[in-house]
Structures are given as C-alpha cells and as structure tokens.
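**Q** Just dropping this structure here.
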Amino acid sequence: MEIPELADLIWLFEDDPATEYEDMDWPVGLHSFRLQRGNREVLFSLDPTSGEAYVTIAEAGDEVVSIGRLRRLESVSVEKHEDCEGLALRFTEDRHEPLWLQTRPAIRLSWNAMPLGTW
C-alpha cells in the first residue's frame, strides 16, 4: 500500500499523530490524526502495516459519520487542488470508488462506494 510521508500528513492535519502504543513509530501501528475547523472535527486513523483506515466526523461534538475498517487500500495520498486539499483513499478493487476526505477549506467527506452503473 502506498502511503504519504508522515510530514505530509502532519501538514494536512496540522498536528502530530497520536499513537496507540508509544513504542511504535510511523509507519508501524495505528496512528490517529485530528483536525478541527469551526464546529466540525475529523479523526482519521491509519494503520499502514495492516492496511486499515478509519474516518470519524463530528459536528459540535456529536458524531455524524463513522467509517471503520476500510481495507484493501491501494493507496492513501495527500492531494492539493486549486480550491481544496485533502486525502484520497483508493481501493485495490474497481468495485469501490475512491474516498475523498477534504480538510481545507472545510472538512467534508465524499464517497460513492460503488461506481455508477453497478448493482
């Protein structure tokens, strides 16, 4: 699985990650990145070793979406576009569209789990 450099993730989430175990350094183990913009907060967790990711978004402290155990990831990449920045998660199988977690200018999540025209 392709993953970004730790420095790129720190830049995107504007903070160092929290880790479940102090003796595990990037990219080993589960690392969680937290970002808040206004009343909205995102928690993105990634375990590069097992290839799993988790995304939780809260609005004013209330969880509004949680997607856990995202597996079969082909790549996780930091993307900078003209009008926004975020994280793209691409899957190894064509049956899942990429998940887009926008972090700037606002926190948003977009994922068409299945490509158009499939059942």
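The values are calculated or read from the model by the stated rules, or taken from the named source; none is laboratory data. A quick note: this is a predicted structure, and the numbers were derived from the prediction, not measured. With ideal geometry, Cβ positions are generated from the backbone for all residues, glycine too; neighbour counts draw on all protein chains shown. Note: areas computed on protein heavy atoms with side chains; ligands, DNA, RNA excluded. Shrake-Rupley method; radii C 1.70, N 1.55, O 1.52, S 1.80 Å.
**Q** Which of the following residues is of a type in the set (A, V, I, L, M) and crowded, with 17+ Cβ neighbours inside 10 Å: Ala106, Ala58?
**A** Only one candidate passes the filter, namely Ala58.
**Q** Hey, can you tell me all the residues within region 44-60 that are in a loop (DSSP other than H, G, I, E, B) and within 13 Å of the chain's Cα centre (by Cα)?
**A** Passing the criteria: Pro48, Gly51.
**Q** Taking Glu63 and the conditions (1) out of contact with any Leu (no Cβ under 9 Å at 6 or more places or on another chain); (2) part of a loop (DSSP other than H, G, I, E, B); (3) at pLDDT 90 or above, which numbered condition does it fall short on, given that it satisfies the others?
**A** In the conditions (1) out of contact with any Leu (no Cβ under 9 Å at 6 or more places or on another chain); (2) part of a loop (DSSP other than H, G, I, E, B); (3) at pLDDT 90 or above, Glu63 misses (2) alone.
Okay, residues lined up against (1) without any contact (Cβ under 8 Å) to a residue 12 or more places away in the chain; (2) touching a strand residue (DSSP E or B) at 6+ places or on another chain (Cβ under 6 Å); (3) within 20 Å of Asn112 (Cα to Cα):
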residue	(1), (2), (3)
Pro17	no, yes, no
Asp23	yes, no, no
Trp26	no, no, no
Arg40	no, yes, no
Leu46	no, yes, no
Val55	no, yes, yes
Ile67	no, yes, yes
Ser77	no, yes, yes
Cys84	no, yes, yes
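**Q** Picking from Glu41, Glu97, Glu82, Glu93, which residue would you name as being farther than 13 Å from Leu9 by Cβ, open to solvent by less than 60 Å² (accessible area, probe 1.4 Å) and in a loop (DSSP other than H, G, I, E, B)?
**A** Going through Glu41, Glu97, Glu82, Glu93 in turn, the sole match is Glu93.
**Q** If you go through region 15-27 one residue at a time, how many are in a loop (DSSP other than H, G, I, E, B) and touching a Phe, Trp or Tyr at 6+ places or on another chain (Cβ under 9 Å)?
**A** So the count comes out to 3.
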